[in-house]
Amino acid sequence: KYAYLCAKTVTLGQTHWAETNRVMLRNRRIGCSMSGIAQFVANRGVGELRSWMDIGYGHIQKLDEKYSNWFAIPKSIKTTSIKPSGTVSLLAGATPGIHFPESRYYIRRMRLGKDSNLVAPLEKAGYKIEPAFGSEETTMVVEIPVDLGEGVRTLDDVSMWEQLSMAALAQRYWADNQVSCTVTFNPETEGSQIANALDIYQYQLKGISFLPRLDAGAYQQMPYQSIDEETYKSLVKKLSKLNFGRIKGEEIVVERFCDNDVCEIDFEPTEKITSFIGVRNWKWK
């Protein structure tokens, strides 16, 4: 409900482009997404996933009818999606979108601007950072070792056909926008089957991508690289505590935020303040 309300409320605003506004005001397209699907299947099974998707989709349609009438705006032509979720899901310790993990232990590579304030703290903590291939002058790539934990099946255990079936399941029971899915396949054993797979699933999917699984990677600095447990432990030993508290010589005091009904801020008044709404107690510093 809260994800829906957030997405729907965004459509009440306007962009700087009249053409975009006309389309947005007419369609009200949103995309409530699911992530961590591989973990859900490992814990609860495909049957319960299908049930949750089907019931959840129906609930969002009821919410959309209720709140669209309340806002006096059109109902959204599309409401649900499965997005790639290559970064956001990792912050919550979840597998990305509908994708199965590369392996239990892997390196996650992320791209940062060369002048990003995050580069120096990462380097100081021992993370490997190198120029991005093809964009050496502007972009850096950081490598982060990850242990996904036990129980979740990896791409070594999942065929191309099972990945396609999972995408079709999500497209059928959850996503009315396109399911974002990149199917990883073995070029030697499954490469010749792609044409047949596309012929079969063209009626069940709005779009699909394929990526060959190669020991050396399909290209340089792949987002995910499988490693073994020994390599993971070796990389972790080189890391120290990561601290973003000081950036460009300025100390960031992270505790200056709201805690329950108390907010602590720096303040130098330049004019008389008559009232604050919604905050009962302020600590001035």
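The values are calculated or read from the model by the stated rules, or taken from the named source; none is laboratory data. The structure displayed is predicted, hence computed values, not measured ones. Here the Cβ positions follow ideal geometry from the backbone for every residue, glycine too, while neighbour counts run over all protein chains shown. We work out accessible area using only protein heavy atoms, side chains counted, and drop any ligands, DNA or RNA first. Shrake-Rupley method; radii C 1.70, N 1.55, O 1.52, S 1.80 Å.
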Within the stretch 129-179, which residues are in contact (Cβ under 8 Å) with a residue 40 or more places away in the chain, in a strand (DSSP E or B) and among the hydrophobic types (A, V, I, L, M, F, W, C)?
VAL141, VAL146, VAL179
When you scan the stretch 111-119, do you find a residue that is in a helix (DSSP H, G or I) and either at pLDDT 95 or above or of a type outside the set (Gly, Ala, Ser) (or both), even just one?
yes
Return yes when ALA195 is out of contact with any His (no Cβ under 6 Å at 6 or more places or on another chain) and not in a loop (DSSP other than H, G, I, E, B) and no when it is not.
yes
Subset tally (residues that are over 23 Å from PRO131 (Cβ atoms), in contact (Cβ under 8 Å) with a residue 24 or more places away in the chain and open to solvent by 80 Å² or more (accessible area, probe 1.4 Å)) for the stretch 201-239:
4
Within the stretch 119-137, can you find the residues that are more than 27 Å from GLY149 (Cα to Cα) and surrounded by 14 or more Cβ atoms within 10 Å (Cβ to Cβ)?
VAL119, ALA120, PRO131, ALA132
Lone unmet requirement of (1) open to solvent by 90 Å² or more (accessible area, probe 1.4 Å); (2) under 19 Å from ALA92 (Cα atoms) for CYS32
(1)
Residues of the stretch 8-29 classified as in a helix (DSSP H, G or I), open to solvent by 30 Å² or more (accessible area, probe 1.4 Å) and not acidic (Asp, Glu), total:
10
In the stretch 41-73, what residues are within 28 Å of LEU25 (Cβ to Cβ), open to solvent by less than 60 Å² (accessible area, probe 1.4 Å) and in a loop (DSSP other than H, G, I, E, B)?
ILE73
Can you pull out the residues in the stretch 173-196 that are closer than 30 Å to ARG29 by Cα and either open to solvent by 50 Å² or more (accessible area, probe 1.4 Å) or not β-branched (Val, Ile, Thr) (or both)?
TYR173, TRP174, ALA175, ASP176, ASN177, GLN178, SER180, CYS181, THR182
If MET53 meets every condition in (1) modelled with pLDDT under 95; (2) touching a Lys or Arg at 6+ places or on another chain (Cβ under 9 Å); (3) within 17 Å of MET166 (Cα to Cα) apart from one, which number is that one?
(1)
If you check ALA170 against the conditions, is it within 30 Å of ILE30 (Cα to Cα), small (Gly, Ala, Ser) and open to solvent by less than 40 Å² (accessible area, probe 1.4 Å)?
yes
Restricting attention to the stretch 30-39, which residues are within 16 Å of THR182 (Cβ to Cβ) and either free of Cβ contacts under 8 Å to residues at least 24 places away in the same chain or part of a helix (DSSP H, G or I) (or both)?
ILE37, ALA38
Residue list for the stretch 75-105, filter: open to solvent by less than 60 Å² (accessible area, probe 1.4 Å), in contact with a helix residue (DSSP H, G or I) (Cβ under 9 Å, 6 or more places away or on another chain), of a type outside the set (A, V, I, L, M, F, W, C) and closer than 30 Å to VAL23 by Cα
SER76, LYS78, THR79, THR80, PRO96, GLY97
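Could we say that GLU271 is modelled with pLDDT under 50, open to solvent by less than 60 Å² (accessible area, probe 1.4 Å) and not hydrophobic (A, V, I, L, M, F, W, C) here?
no
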For the stretch 93-142, how many residues meet the condition of being of a type in the set (S, T, N, Q), in contact with a strand residue (DSSP E or B) (Cβ under 6 Å, 6 or more places away or on another chain) and closer than 25 Å to GLY36 by Cβ?
1
Matching residues, the stretch 1-28, being more than 26 Å from GLY56 (Cα to Cα) and touching a Cys at 6+ places or on another chain (Cβ under 8 Å)
none
